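Student: Sharing a structure below in structure tokens format, with a few things to ask.
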Amino acid sequence: MNGAVGGAARGASHSGPVLAVDQGTSATKALVICPERGVIGSGRAPVHPRHLPGGRVEVSPEELYASVLASGNQALAAAGEPVAAVGLANQGETVLAWDPATGAPLTEAIVWQDRRAADLCEELAAHDDELKTLTGLPLDPYFAAPKMAWIRRHLTRDGAVTTSDSWLVHRLTGAFVTDAATAGRTQLLDLESASWSPAALAIHGLRDEPLPEVVGSDRHVGTTTAFGGELPLTGLLVDQQAALLAQRALTPGAAKCTYGTGAFLLAQAGRSPVRPTTGLVGCVAWRLRDRTDYCLDGQVYTAASAVRWLTDLGVVAGAHDLDRVAAQVPDAGGVVFVPALAGLAAPWWRSEARGTLSGLGLDTTAGHLVRALCEGLAAQVAELVEAAGTELGSPLTELRVDGGLTASAALMQTQADLLQMPVVVAELPDATALGVGAAARLGLGASLAEALPPEGKPSAVYEPRVSPDEARDRRAAFRAAVG
């Protein structure tokens with residue numbers, strides 16, 4: 001392994017395939033991507049986060065690492081040919097403590113959905129405005145810094161405490177780095193300089209922490225032998241920003257929403273930092289070619305995880321079953337579902353909120369519950385889209401979408417209805433892996449035009465089927481339920 005951090009990988013061709021690994025919340029997905037032939041191999045390894053009392057969510061760090069190796073090697077075996085480099089995407093706000101000398105984890109990984117640091121956020125409430133100005137992020141246990149401080153207060157003072165990407169990269173290459181976009185998810189990064197903020201570190205009690213170097217998403221950070229032979233690791237990017245890149249959202253106002261474990265809306269904001277006033281988050285989109293782009297960000301904490309909740313209750317057999325069950329009824333039958341099963345994020349930022357179901361009757365069926373879930377998810381995303389338009393000075397005209405739940409026609413049609421705009425489903429659902437694959441190719445010296453996935457035809461386009469008045473009434477009912 002080589003821990004050196006350098007520029008573009010030397011001696012490696014940017015015209016060959018790359019291995020792109022998306023280490024996610026419930027699974028790690030890997031693609032072998034060829035610039036001419038597209039995806040030529042894929043792999044997937046499940047991840048099993050544990051949902052514990054008190055809003056705690058943990059996962060074994062070793063399981064995360066094993067899933068990276070398993071999915072990556074599976075994709076390489078399927079492709080049957082060598083690759084030029086590796087790119088790695090990560091969950092963003094998931095953190096752990098680990099020993100930089102040995103690479104051994106010292107704690108479990110605390111997943112981004114975890115709420116245990118809520119009390120610490122309450123203690124720091126007086127610093128909320130200062131932190132928003134410094135970092136673009138509101139005080140909330142969703143972000144990494146409160147979790148890092150919780151680990152230091154309750155679990156261990158040893159080793160380093162970082163987001164999961166730094167540990168995974170260290171295990172793969174020996175380097176101690178994080179990319180600028182992932183660092184921007186900590187609430188410790190100065191939004192103006194895209195470097196660590198001494199003031200934010202002091203507020204969180206993390207002033208003396210060993211911190212990884214903040215690098216661009218297209219940096220050659222080292223080499224790994226984890227996938228056979230020596231391969232340069234040349235692409236690093238947090239998951240949602242990787243999907244934004246794959247969706248070719250390169251100009252201000254271009255937006256996407258990824259429907260995975262949660263649902264995440266990002267809108268490109270250009271080269272200047274943004275500090276939203278609508279409840280959205282302003283953060284780093286990426287640093288590529290030594291230039292930093294910024295974006296607006298809005299979050300729905302539970303999307304596919306809410307579907308899994310319905311699955312565990314026996315309402316559906318899984319995400320693939322949503323459309324079949326939804327088709328049993330024409331609408332939600334007056335049922336309103338606020339799927340805040342892990343709190344409400346943007347634009348409300350109510351970490352104490354919990355999910356609610358109202359309007360239930362003896363005639364309520366599984367179909368009504370599924371329709372109400374689709375309505376609740378789509379209504380939350382609609383709030384984020386509206387806020388993004390306000391921040392950007394003009395409303396969005398379409399929403400590009402990706403992620404596993406975009407396979408549900410019931411959800412996507414509901415989304416188009418409530419947005420009153422077209423919903424354009426990506427040709428390939430694995431946008432995060434495609435985006436970090438593009439970053440890896442940039443790290444090999446390719447141009448942006450060469451690195452980005454081709455602009456394929458959408459797999460589906462959903463147009464609104466209801467009137468603006470009906471959409472407004474349905475969104476008002478959701479807002480009332482949130483209130």
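Student: In the chain, with Lys and Arg counted as +1 and Asp and Glu as -1 at Cβ, which of these residues, Gly298, Val161, Ala226, has the Cα nearest the positive end of the dipole, that is, farthest along it?
Tutor: The residue sitting most towards the positive pole is Ala226.
Student: Counting every Cα pair in segment 161-259, what percent are over 21 Å apart? Intermediate values should be presented prior to the final figure.
Tutor: Values: 2036 of 4851 pairs.
Of the Cα pairs, 42 percent sit more than 21 Å apart.
Student: Hey, which lysines would be in cross-link range of Lys147, C-alpha to C-alpha under 19 Å, not counting anything within fewer than 8 residues on its own chain?
Tutor: Lys147 reaches Lys132.
Student: Could I get the Rg over Rh figure for segment 18-247? Both from C-alpha atoms, Rh via Kirkwood, rounded to two places. Don't skip to the end; give the middle numbers.
Tutor: Working: Rg = 17.4 Å, Rh = 17.8 Å.
Rg/Rh for segment 18-247 comes to 0.97.
Student: Can you give the % of DSSP beta bridges in segment 18-247 that are antiparallel, to the nearest 5? Before the final figure, lay out each step's value.
Tutor: Values: 30 of 42 bridges.
Around 70 percent antiparallel, to the nearest 5.
Student: Oh, and also: Place the peptides 351-364, 162-175 in order of packing, highest mean first, counting for every residue the other Cβ atoms within 10 Å and averaging per peptide. Present the calculation step by step, with values, prior to reporting the outcome.
Tutor: Values: 351-364: 13.5, 162-175: 24.9.
Descending mean neighbour count gives 162-175, 351-364.
Student: Considering amide H positions built from the backbone, and no H for Pro or chain starts, which residues 5 or more places from Thr224, or on another chain, come under 5 Å of its amide H?
Tutor: Leu231, Leu233
Student: Ranked highest first by average number of other Cβ atoms within 10 Å, how do 387-395, 296-304 line up?
Tutor: On the way: 387-395: 16.7, 296-304: 25.8.
Ranking the peptides 387-395, 296-304 by packing returns 296-304, 387-395.
Student: Just want the answer: with Cβ charges of +1 for Lys and Arg and -1 for Asp and Glu, which residue in Val274, Gly174, Leu444 is farthest toward the dipole's positive end in the chain?
Tutor: Farthest towards the positive end: Leu444.
Student: Here's another thing I want to ask about it. Please state the charge dipole magnitude for segment 18-247, taken about the Cα centre, from unit charges on C-beta atoms (+1 on K and R, -1 on D and E), reported in debye and rounded to the nearest 20.
Tutor: Numbers: 16 positive and 28 negative charges, 98 e Å.
Dipole magnitude for segment 18-247 comes out near 480 debye.
Student: Could you work out Rg/(2.2 N^0.38 Å) for segment 151-210, with Rg from alpha carbons only?
Tutor: 1.15
Student: Please report the antiparallel percentage of the DSSP beta bridges confined to the chain, to the nearest 5. Mind dumping the intermediate values first?
Tutor: Details: 58 of 77 bridges.
Here the share of antiparallel DSSP bridges comes out near 75 percent.
Student: How far apart, in nm, are the 7 Å Cα→Cβ label points at His51 and Leu362?
Tutor: So the label points at His51 and Leu362 sit 3.1 nm apart.
Student: Which one of Gln241, Ala254, Val21 has its Cα pushed farthest toward the positive end of the charge dipole of the chain, where Lys and Arg give +1 and Asp and Glu give -1 at the Cβ?
Tutor: Sorting the options by dipole projection puts first Val21.
Student: Given Cβ point charges of +1 (Lys, Arg) and -1 (Asp, Glu) and nothing else, what value in debye, to the nearest 20, does the dipole of the chain about its Cα centre take?
Tutor: Working: 37 positive and 52 negative charges, 61 e Å.
The calculation lands at about 300 debye.
Student: For Glu62 and His154, compute 0.36 nm times the residue count separating them, minus their Cα-Cα distance, and round to one decimal in nm.
Tutor: Details: separation 92, 0.36 × 92 = 33.12 nm, distance 2.14 nm.
In short, 31.0 nm is gained.
Student: About the Cα centre of segment 183-285, what is the dipole size in debye to 20, counting +1 per Lys and Arg Cβ and -1 per Asp and Glu Cβ, all else neutral?
Tutor: Details: 7 positive and 8 negative charges, 87 e Å.
Its charge dipole is roughly 420 debye.
Student: Something else now. Using packing as a proxy for protection, rank 265-275, 133-143, 99-109, 18-28 so that the peptide with the highest average count of other Cβ atoms within 10 Å comes first. Could you put the intermediate results ahead of the total?
Tutor: On the way: 265-275: 20.2, 133-143: 24.2, 99-109: 16.3, 18-28: 26.3.
Per-residue mean Cβ counts within 10 Å order the peptides as 18-28, 133-143, 265-275, 99-109.
Student: Among the aspartates and glutamates, which have Cα under 17 Å from the Cα of Lys457 when same-chain residues fewer than 8 positions away are ignored?
Tutor: Cross-link targets: Glu36, Glu398, Asp402, Glu427, Asp430.
Student: What is the distance, in nm, between label points placed 7 Å from the Cα along the Cα-to-Cβ direction at Ala77 and at Thr311?
Tutor: For Ala77 paired with Thr311, the spin-label model returns 2.3 nm.
Student: Compute the semi-axes of the equivalent ellipsoid of segment 228-293, taking the square root of 5 times each eigenvalue of the Cα gyration tensor, and list them largest first in whole Å. List each step's numbers first, then the result.
Tutor: Working: eigenvalues 116, 50, 22 Å².
Largest first, segment 228-293 gives 24, 16, 10 Å.
Every number in this text was worked out from the coordinates using simple rules, so none of it is lab data. Bear in mind the structure is a predicted one, so any value in this text is a computation, not a measurement. A quick note on method: Cβ atoms are made from the backbone with ideal geometry, for glycine too, and the neighbour counts reach across all protein chains shown.
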